[in-house]
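Trainee: Below you'll find the structure I mean.
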Amino acid sequence: MKVGVKIFTTDGPELLKDRMFADYFEVYVVPGHPADWLKEYDFEYTIHAPHAGHGVNLASKELQKSSLDAVSQAIHAADLLNSNIVVVHASASKNKPGEADMEILRQSLSQIDDSRIILENQPCRVGYEYYFPYDYASAKQIASRYGNRICLDFSHAMVSSVTLGLDPKELIAGLLKLNVRLFHISDGRKGLAEDLHLPLHKGDFDLEYFRDIIKKSDCKRVTMETPIDPQSQKEEYGWMKK
């Protein structure tokens, strides 16, 4: 199993050097902040495209151009850092995406047809933000153009299961039917429709269950999306590698 940690293009070399215990770095490309400085280090990288936190929504007509530009920056970073993975969040809206939203999303995705793209399952939170895709059916609907390649985020699945009133293990089992190329792991609170990104063993998620899934999967690559604290993440890394 390869265990990675997240780093942002706005971070500096010291933060990277303090976390060299990781097997790879998942680089979140902040718009306007290139990944060139990371080229100086001989590490393995995966790339994460900007998401709604930086105004990216591929299903929004108003944000379509800027969102496509942001994803293009991430693809450029993948070229630069020799990454064969570019994680993309598809969309977000205040309500369940309608057909007009889906048509814009399809148009957007048709312009970023890259074999390295994998779509991440999202934390569906009805009444606040309705991210997409969030389960097997919605992921299958849009991931087929990418060979059904997905990043399975356990915390996002837990949040969606609460919102949708589903057994989280059933929702995760559905996502596992797709072509999982990467996992994301963090801790959180069962029954709470909130993506907390807690340190491992600081919440009440069944982390042993998550780790067992990764070990049994053909994909044995997982990024820890936990708070950026080198010592804490080194301990988490040790637990994940057991």
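Trainee: Of the residues Tyr41, Tyr28, which single one is among the aromatic types (Phe, Trp, Tyr) and at pLDDT 95 or above?
Mentor: None of the other options fit; the residue is Tyr28.
Trainee: For segment 194-239, name all the residues that are of a type in the set (Lys, Arg) and closer than 24 Å to Ile85 by Cα.
Mentor: Arg211, Lys215, Lys216, Lys220, Arg221, Lys234
Trainee: List pairs: first in segment 154-166 and farther than 16 Å from Ser138 by Cα, second of a type outside the set (Gly, Ala, Ser) and part of a loop (DSSP other than H, G, I, E, B), Cβ under 6 Å, 6+ apart or cross-chain?
Mentor: Hits for this filter: Ser155/Asp195.
Trainee: Being more than 10 Å from Met224 (Cβ to Cβ) and part of a loop (DSSP other than H, G, I, E, B) is the filter here; which residues of segment 181-196 pass it?
Mentor: Gly188, Arg189, Lys190, Gly191, Leu192, Ala193, Glu194, Asp195, Leu196, listed by residue number.
Trainee: Can you name the residue in segment 124-140 that is crowded, with 24+ Cβ neighbours inside 10 Å and over 16 Å from Lys177 (Cβ atoms) and, of all such residues, is modelled with the highest pLDDT?
Mentor: This residue is Cys124.
Trainee: State all residues of segment 214-234 that are of a type in the set (Asp, Glu) and surrounded by 15 or more Cβ atoms within 10 Å (Cβ to Cβ); if no residue qualifies, say none.
Mentor: Selection gives Glu225 alone.
Trainee: If we keep just the residues of segment 163-177 that are modelled with pLDDT under 95 and of a type outside the set (A, V, I, L, M, F, W, C), which is surrounded by the most Cβ atoms within 10 Å (Cβ to Cβ)?
Mentor: Thr163
Trainee: List the pairs whose first member sits in segment 141-152 and is farther than 11 Å from Leu176 by Cα and in a helix (DSSP H, G or I), whose second member is among the basic types (Lys, Arg) and modelled with pLDDT of 95 or more, and whose Cβ atoms are under 9 Å apart, counting only residues at least 6 apart or on separate chains?
Mentor: As it stands, the answer is Ala143/Arg149, since those pairs meet every condition given.
Trainee: With Glu26, Glu62, Glu40, Glu14 as the choices, which residue is surrounded by 20 or more Cβ atoms within 10 Å (Cβ to Cβ) and of a type in the set (D, E, K, R)?
Mentor: Glu26
Trainee: For segment 178-213, how many residues are crowded, with 20+ Cβ neighbours inside 10 Å and either farther than 16 Å from Lys242 by Cα or in contact (Cβ under 8 Å) with a residue 60 or more places away in the chain (or both)?
Mentor: Counting residues in segment 178-213 that are crowded, with 20+ Cβ neighbours inside 10 Å and either farther than 16 Å from Lys242 by Cα or in contact (Cβ under 8 Å) with a residue 60 or more places away in the chain (or both) gives 10.
The values are calculated or read from the model by the stated rules, or taken from the named source; none is laboratory data. Treat the numbers as computed from the prediction; the structure is a model and nothing was measured. Note: ideal-geometry Cβ built from the backbone for every residue, glycine included; neighbour counts use all protein chains shown.
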